[in-house]
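Since the structure comes first, as structure tokens, the remarks are kept for the end.
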Amino acid sequence: MALDALKDVVRKIARSSSIDKHLVDEVVKDIQRALIRADVNVKQVKEITDAIKKRALSDEPLKSLNPREHIIKIVYEELLKGVGEGLEIPLEKARIMLVGLQGSGKTTTTAKLAKYFKDRGMKTAVIAADTWRPAAYDQLKQLAESIGVGFYGEKGEKDAVKIVKKGLEELKDYDMIIIDTAGRHALEDELIKEMVEIEKVAKPDYKFLVLDAAIGQLASKQAQAFHDAIGIDGIIITKFDGTAKGGGALSAARQIQIPIAFIGSGERVDDLDRFDPAGFISRLLG
Ligand code: GDP
């Protein structure tokens, strides 16, 4: 665990050599403020900070940790509870389906993931199944060509399920297939129905929910709706290069108890990284 990266974060602790209730109260108040500013769900903020407070005073510190490290460890663990420290994706034949709200960055992320797996030696292709946003087809086709990965789409075709079915046949020689789907609103029946049908046909190994880092308090509810419909395996946070701290996305992950897999931090196809828990938390609290 990268305790070092978090040392600056909880600054008050740094000056103290012992833990007492007064210090813990102060630290917890700071964390509470930071989390609310970062758009973490208000109910979750209370759960997280209550747990930190309780554990900071009652947990027996590990012999190897000084009091400061003891609290930092607890803060780290409580913030990532249910979310974990990332998602390991073995480089084996698989299908990935991306879902999310419109504009969250699904199409861009489809291309980024394709590049990620191609760079790791996998024969990769993408399927353009966002038939609701007409520009998505050309956007993904162009990106796929520029990266040098396979592409399947049918311009003008409205039936996304049909496209996916056909695409999987056409691309059966590929190891990794990434499917871009339509994004609108998680709570719209029509989108949910289409998503469920694509899921049945595609039988994806991974279903990733793409969330804009700037998504606010609504994130948990949206994530729950997607999760109830198809079962989400991982979260990808986009636009982390902006000012948003991603607290809404963290809340979404906690709500459905699913790991954050990747972080997108720019418009270029290279701007994708595996989730770095310590870096993420430093930014959340900083
Ligand atoms: P979709 O509707 O979910 O398919 O969204 P798009 O992939 O078309 O992305 C919407 C906009 O967000 C585009 O202008 C993208 O270039 C931009 N975008 C996507 N990911 C990122 C990111 O990580 N950082 C930044 N700055 N922009 C992004």
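The values are calculated or read from the model by the stated rules, or taken from the named source; none is laboratory data. The structure displayed is predicted, hence computed values, not measured ones. Glycine gets a Cβ as well: all are built from the backbone with ideal geometry, and neighbour counts include every protein chain shown. Ligands, DNA and RNA are excluded from the accessible area calculation, which covers all protein heavy atoms including side chains. Shrake-Rupley method; radii C 1.70, N 1.55, O 1.52, S 1.80 Å.
Some points to look at:
- Residue tally, condition open to solvent by less than 30 Å² (accessible area, probe 1.4 Å) and under 16 Å from D119 (Cβ atoms), over the range 141-164: 4
- Residue, nearest to I178 (Cα to Cα), within the range 79-131, restricted to residues that are open to solvent by less than 20 Å² (accessible area, probe 1.4 Å), away from the ligand (no atom under 16 Å from the Cβ) and not aliphatic (A, V, I, L, M): T124
- Taken together, the residues in the range 166-196 that are open to solvent by 80 Å² or more (accessible area, probe 1.4 Å) and among the charged types (D, E, K, R) amount to 8.
- Among (1) open to solvent by 30 Å² or more (accessible area, probe 1.4 Å); (2) modelled with pLDDT of 95 or more, the one test that A214 misses: (2)
- Residues of the range 231-280 classified as surrounded by 24 or more Cβ atoms within 10 Å (Cβ to Cβ), out of contact with any strand residue (DSSP E or B) (no Cβ under 8 Å at 6 or more places or on another chain) and of a type in the set (S, T, N, Q), total: 1
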